[in-house]
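Q: Take a look at the following structure, please.
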Amino acid sequence: YYYLFVSYGGLNADGGYQIRLYRSERPDGPYLDYSGGTFSMGVDDHSKYGLKMMGNYTFPSLPYSYMSPGHNSAFVDKDGKMYIVYHQRFSNMGETHEPRVHQIFKNQDGWLVAAPFATQGEELREKKTGKKDIAGSYYYVNHGTDISSEVHEAEKIQLTSAGKIRNSSDKSIGEFVTEGNSPYIALNINGEEYKGVLVDMKDEAGNPVLCFTAAGNNNQSIWGVKYLKK
């Protein structure tokens, strides 16, 4: 596939800037999103088109919310790993911004998903991917499809050793499956299907974490972060 990255929204801290993705079998298109929608400049509501890879978000270990990511480049390194490079703004810091680099991966359907934190030697989890190994408390972010200043805050969910997903009120909201000795994970959350990968990495504060990053044909990307003991 040829992948087309698009930034929607306003290029300022509260402008809802974000990164969307389309793909095509031909360099000159047509480019489609995960739901089958066609890229076009002539639509009334761009929020309905393009896989939203990331927007405004926050996690408990971050000192501020990460705002308005976008205007990106992407490349494949000499070792075959893929990266996305973009600029990032932050809450309560005006228009101060910095460049960031995150590793990206292909899910089971060949769509690109981004690691939740900046690259620093992270690796896909190839082993110990059984439900019991993955089980635990995660901070979950759904990037949605909105183009707005809304910050998608992490909520606590539980992945159980029986393959169930429960919210902070201990209510069942879905289930997950993994593939033995592979990094792939599929999650059903509130009736929506997401496919992605498991990644061992560190967060911005240096804490070891197990993450899932996944995307669905509703054009939404989701991240989950499980904080591990040092």
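The values are calculated or read from the model by the stated rules, or taken from the named source; none is laboratory data. Because the structure is predicted, anything quoted here is derived from the model rather than measured. With ideal geometry, Cβ positions are generated from the backbone for all residues, glycine too; neighbour counts draw on all protein chains shown. When the accessible area is computed, the model is the full protein with side chains, heavy atoms only, and any ligands, DNA or RNA have been set aside. Shrake-Rupley method; radii C 1.70, N 1.55, O 1.52, S 1.80 Å.
Q: Got a number for the accessible area of Ser172? Probe 1.4 Å, square angstrom, nearest 10.
A: Looks like 70 Å² after rounding.
Q: A follow-up question, please. So what is the 222 nm mean residue ellipticity for the chain from helices alone, if each DSSP H run of at least 4 adds -39500 (n - 2.57) and you divide by all residues, rounding to the nearest 500 deg cm²/dmol? Let's see the in-between values first.
A: Details: 1 runs with 4 residues, N = 230.
Dividing the helical sum by the residues of the chain leaves 0 deg cm²/dmol.
Q: Which distance in Å, rounded to a whole number, links the C-alpha centroids of the stretch 175-230 and the stretch 76-114?
A: Comparing the Cα centres of the stretch 175-230 and the stretch 76-114, I get a distance of 16 Å.
Q: Could you size up the charge dipole of the stretch 118-218 around its Cα centre, putting +1 on the beta carbon of Lys and Arg and -1 on that of Asp and Glu, and report it in debye to the nearest 20? The partial results should precede the final answer.
A: Values: 11 positive and 16 negative charges, 102 e Å.
Once rounded to the nearest 20, the dipole reads 500 debye.
Q: Please label the shape of the stretch 80-173 as rounded, prolate or oblate, based on the square roots a ≥ b ≥ c of the eigenvalues of the alpha-carbon gyration tensor (a/c under 1.5 means rounded; beyond that, a/b larger than b/c means prolate, else oblate).
A: Working: a/c = 2.23, a/b = 1.30, b/c = 1.72.
In terms of gyration-tensor shape, oblate.
Q: Hey, of (1) -0.92, -0.99, -1.25; (2) -0.75, -0.86, -1.32; (3) -0.74, -0.87, -1.46, which did the structure itself give for log10 I(q)/I(0) by the Debye sum over Cα atoms at q = 0.13, 0.14, 0.18 Å⁻¹ when calculated?
A: Only one option fits the structure, namely (3).
Q: Please list 3J(HN,Hα) in residue order for the stretch 119-129, calculated via the Karplus relation 6.51 cos²θ - 1.76 cosθ + 1.60 where θ = phi - 60°; whole Hz, with x for glycine and proline.
A: Along the stretch 119-129, the couplings run 5, 7, x, 5, 9, 5, 7, 8, 10, 6, 10 Hz.
Q: While we're looking at this one, here's another question. Would you kindly derive the ³J(HN,Hα) couplings of the stretch 7-17 from the backbone phi angles with the Karplus curve 6.51 cos²θ - 1.76 cosθ + 1.60 (θ = phi - 60°), listing them in order in whole Hz, with x for Gly and Pro?
A: Using θ = phi - 60°, the values come out as 9, 10, x, x, 7, 7, 4, 10, x, x, 4 Hz.
Q: Hey, another quick one. Which value, in debye to the nearest 20, gives the size of the charge dipole of the chain about its Cα centre, when Lys and Arg are +1 and Asp and Glu are -1 at the Cβ? Each step should come with its number before you reach the end.
A: On the way: 24 positive and 27 negative charges, 155 e Å.
Dipole about the Cα centre, nearest 20: 740 debye.
Q: Ratio of Rg to Rh for the stretch 38-129, alpha carbon only, Kirkwood? It would help to have the intermediate numbers written out before the result.
A: Working: Rg = 15.3 Å, Rh = 15.3 Å.
Rg/Rh for the stretch 38-129 comes to 1.00.
Q: Can you list the residues, at least 5 places off or on another chain, whose amide H is less than 5 Å from the amide H of Met53, using H built in the peptide plane?
A: Ile19, Arg20, Leu21
Q: Using θ = phi - 60° and the Karplus relation 6.51 cos²θ - 1.76 cosθ + 1.60, list the HN-Hα couplings for the stretch 26-32 in order, rounded to whole Hz, with x at every Gly or Pro.
A: Using θ = phi - 60°, the values come out as 10, x, 9, x, x, 9, 10 Hz.
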